[in-house]
1. Hey, among A109, A114, A147, A154, which residue is aliphatic (A, V, I, L, M), in contact with an Asp or Glu (Cβ under 9 Å, 6 or more places away or on another chain), farther than 18 Å from A91 by Cβ and surrounded by 14 or more Cβ atoms within 10 Å (Cβ to Cβ)?
2. Can you confirm whether D144 is assigned to a helix (DSSP H, G or I), over 27 Å from R205 (Cβ atoms), among the acidic types (D, E) and in contact with a Phe, Trp or Tyr (Cβ under 9 Å, 6 or more places away or on another chain)?
3. Identify the residue in the range 163-200 that is of a type in the set (A, V, I, L, M, F, W, C) and part of a strand (DSSP E or B) and, among all such residues, is surrounded by the fewest Cβ atoms within 10 Å (Cβ to Cβ).
4. Can you name the condition, by its number, that S183 falls short on among (1) within 19 Å of the chain's Cα centre (by Cα); (2) at pLDDT 95 or above?
5. So, E209, is that one out of contact with any helix residue (DSSP H, G or I) (no Cβ under 8 Å at 6 or more places or on another chain), without any contact (Cβ under 8 Å) to a residue 24 or more places away in the chain and under 23 Å from D72 (Cα atoms) or not?
6. Among the helices (runs of 4 or more DSSP H) lying completely within the range 26-98, list those that include at least 2 residues that are free of Cβ contacts under 8 Å to residues at least 12 places away in the same chain and of a type in the set (A, V, I, L, M, F, W, C).
7. Just to verify a result, which residue in the range 43-98, among those that are of a type in the set (G, A, S) and under 24 Å from I170 (Cα atoms), is surrounded by the most Cβ atoms within 10 Å (Cβ to Cβ)?
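The values are calculated or read from the model by the stated rules, or taken from the named source; none is laboratory data. What you see is a predicted model, and the numbers here were worked out from it, not measured in a lab. Cβ placement follows ideal geometry from the backbone for every residue including glycine, while neighbour counts extend to all protein chains displayed.
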Amino acid sequence: MLVVACHPSDGDGKSTPTRGATAAAQPLSDSARTNALLERADKARIQGDTAAPVWIVEISDFECPFCKRFHDETYPALLKDYIQTGRVRMAYVNFPLGQHLHALPAAKAAMCAAAQDRFWPMHDALFNTQPRWTAGGDASALFDSLAVSVGVTAGEWRACMGSDVMQRLISADQSRGKSAGVSSTPTFFVGDEPILGAESLETFRAAIERARAKAARTP
């Protein structure tokens, strides 16, 4: 069997408890601003035509080498042939694994960029530089540099990172993944068909065509 996915070493992805009690104590105006920020970030990690009949949901960890393999080898063709042509929509779901030291900070960095509609450029930057920020200790300075390079407003991005507000979305992502039976990264759903691991482009093409055919038969 080819190894094409990252598995949690401790059987679970680590997450920080949500800060619901703290949020509840904030003034309503702050709560409304936070909700708007989270809604904008949530929408920003979806790409493709809203009329596309097929979804690809990617459940991924920015530090996972097999997630990078998918990003480097398969994602560009899917983007060109299916997403940009309006045939597929794609959503990214965060599933940082506990054994990956920088996976959760990377997910937060991407989602804080998403709050400024820069998720996908940050997504690419994180995967493209993965060997650099996984090699040593604190990666925060590199994440900051990457965020600025993809066009975020630095002060807003840094405030987002300092507030830890995106933990709510990331924790919700992890819960959804676990509910769907996800235990390794990357995991994909093409329509309702799961694909486990960084499978070949041909595997994704075939799954997309099956999903398109099924969508065409659905009233």
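1. The match here is A109.
2. Numbers: assigned to a helix (DSSP H, G or I): yes; over 27 Å from R205 (Cβ atoms): yes; among the acidic types (D, E): yes; in contact with a Phe, Trp or Tyr (Cβ under 9 Å, 6 or more places away or on another chain): yes.
Against the criterion (assigned to a helix (DSSP H, G or I), over 27 Å from R205 (Cβ atoms), among the acidic types (D, E) and in contact with a Phe, Trp or Tyr (Cβ under 9 Å, 6 or more places away or on another chain)), D144 qualifies.
3. Of all residues in the range 163-200, those of a type in the set (A, V, I, L, M, F, W, C) come to 165-166, 169-170, 172, 180, 182, 188-190, 195-196, 198.
This time we only want the ones that are part of a strand (DSSP E or B), so: 188-190, 195-196.
Values: F188: 24, F189: 19, V190: 25, I195: 19, L196: 14.
So the residue we want is L196.
4. (2)
5. Numbers: out of contact with any helix residue (DSSP H, G or I) (no Cβ under 8 Å at 6 or more places or on another chain): yes; without any contact (Cβ under 8 Å) to a residue 24 or more places away in the chain: yes; under 23 Å from D72 (Cα atoms): yes.
So E209 passes the test.
6. Numbers: elements: 28-44, 65-73, 75-78.
Because the criterion is at least 2 residues that are free of Cβ contacts under 8 Å to residues at least 12 places away in the same chain and of a type in the set (A, V, I, L, M, F, W, C), the helices (runs of 4 or more DSSP H) in the range 26-98 that meet it are 28-44.
7. Step one: list which residues in the range 43-98 are of a type in the set (G, A, S), which gives 44, 48, 51-52, 60, 77, 86, 91, 98.
Of the ones still in play, those that are also under 24 Å from I170 (Cα atoms) are 44, 48, 60, 91, 98.
Working: A44: 20, G48: 20, S60: 28, A91: 16, G98: 15.
If we take residues in the range 43-98 being of a type in the set (G, A, S) and under 24 Å from I170 (Cα atoms), then S60 is surrounded by the most Cβ atoms within 10 Å (Cβ to Cβ).
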